[in-house]
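Worksheet: one structure, shown below.
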Amino acid sequence: MKKAIGIDIGGTITKIGVVAEDGICSHKTSFRTKEYTKFKDYIEFLTDKISEIESKYKNITGIGIGAPNASKKGTIKTPANLKWNGELNIIEDIKKKINLPIFLSNDANCAAMGEMIYGNAKGLNDFIVITLGTGLGSGIVCNGKLLEGSEGFAAELGHFTINKSRYTGLGVKGGLEAYVSATGLKRTILYMISKYMDESIFRDISYNNLHGEDITKAADNGDLIAQKAYEYTGKILGESLASFVTFTQPEAIILTGGLVHSGKWILEPTRKAFNKKLLPFYKSKVDILLSGLEDKDSAILGSAALVWKNI
């Protein structure tokens, strides 16, 4: 059976896997993207990893890469939440060492492709995938086709302005991902500490030591600051999703990424705000779903799906 290498370049972690056409993900590995402040060093390490995989597996037909700010030209332009600047020729640089077809797309577009082929978007012609990780990514499918735009930068909903004051990773004032993301949630914890006087474990924890799973655990244990942070985050997400419905009238919005692991704490306020703001003629016609893919494999599957789409 043919296999593809799927690579997801995240703001924190890069994930690599070998995916068969039936969606079975075998070999998996990962490393910290943020450790490589120079793109040249990152490419050198990445190509070494790809070479290791090539030596172990036969029938590798191509490589699919999901990356932030990926263009149709095979480049990454000043990716948000990473320290690499300028227009980076990732496909050209990898091909200096790797002799395989390589396909590149926005990381959230890859997530949308993965959901359409393997996940909860099977059979859907119109849907939106929202990835909630270090930042907020989005992939939109209309009439069965991925919405990419002229250069591949369409559907950057994380930088959609919501009339607030924080800055996104690209310096957009009031951008959605500054509030709705793992990073945004941490910033909201600090805001809630200043707003409320209630006791909280977070009064003794620095920003750099804040982790999403700790915020969820605190919410489960009755920490008001954690619960208020999720309530605030979910309200903004739900209202924004209701606005996005007016763009393409999707059948469903699919949420994926680390922030979704908080379960009810993010989902309940999101659905409540979404249903409250949704225009009357959309009500009961748009579902908010969780990803149908295992979180540890979804990004890899979505990236590998680029190979099956193009070969």
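Scanning the range 281-300 for residues being in contact with a strand residue (DSSP E or B) (Cβ under 9 Å, 6 or more places away or on another chain) and farther than 30 Å from Ile24 by Cβ gives a total of 1.
Look at (1) more than 21 Å from the chain's Cα centre (by Cα); (2) modelled with pLDDT of 95 or more and you find that Ile102 fails only one, number (1). Looking at the range 238-261, can you tell me whether even one residue there is small (Gly, Ala, Ser), at positive phi and modelled with pLDDT under 95? Looking for residues that are small (Gly, Ala, Ser), at positive phi and modelled with pLDDT under 95, one finds at least one in the range 238-261, hence yes. Taking helices (runs of 4 or more DSSP H) that do not extend beyond the range 222-311, which have at least 2 residues that are touching a Lys or Arg at 6+ places or on another chain (Cβ under 6 Å), touching a residue at least 24 places away in the same chain (Cβ under 8 Å) and farther than 30 Å from Pro101 by Cα? In the range 222-311, 224-248, 264-277 are the helices (runs of 4 or more DSSP H) which contain 2 or more residues that are touching a Lys or Arg at 6+ places or on another chain (Cβ under 6 Å), touching a residue at least 24 places away in the same chain (Cβ under 8 Å) and farther than 30 Å from Pro101 by Cα.
All of Lys15, Lys58 fail the test of being assigned by TED's automatic domain parsing to the domain that holds Asn99 and either surrounded by 15 or more Cβ atoms within 10 Å (Cβ to Cβ) or assigned to a strand (DSSP E or B) (or both), apart from Lys15.
Answer with yes or no whether Thr47 is at pLDDT 95 or above, surrounded by fewer than 17 Cβ atoms within 10 Å (Cβ to Cβ) and part of a strand (DSSP E or B). The answer is no for Thr47. For the range 110-133, the criterion of being at pLDDT 90 or above, in a strand (DSSP E or B), in contact with a helix residue (DSSP H, G or I) (Cβ under 8 Å, 6 or more places away or on another chain) and within 17 Å of Val307 (Cα to Cα) is met by none of the residues. Within the range 151-168, track down each residue that is among the polar types (S, T, N, Q) and modelled with pLDDT under 90. Residues satisfying the conditions are Asn163, Ser165, Thr168.
Residues in the range 20-31: is at least one in contact (Cβ under 8 Å) with a residue 12 or more places away in the chain, buried (at least 24 other Cβ atoms within 10 Å of the Cβ) and not in a strand (DSSP E or B)? Within the range 20-31 (the criterion being in contact (Cβ under 8 Å) with a residue 12 or more places away in the chain, buried (at least 24 other Cβ atoms within 10 Å of the Cβ) and not in a strand (DSSP E or B)), the answer is no, since none of the residues qualifies.
The values are calculated or read from the model by the stated rules, or taken from the named source; none is laboratory data. These numbers were taken from a predicted model, which means no experiment stands behind them. Please note: Cβ atoms are built from the backbone with ideal geometry, for glycine as well, and neighbour counts cover all protein chains shown.
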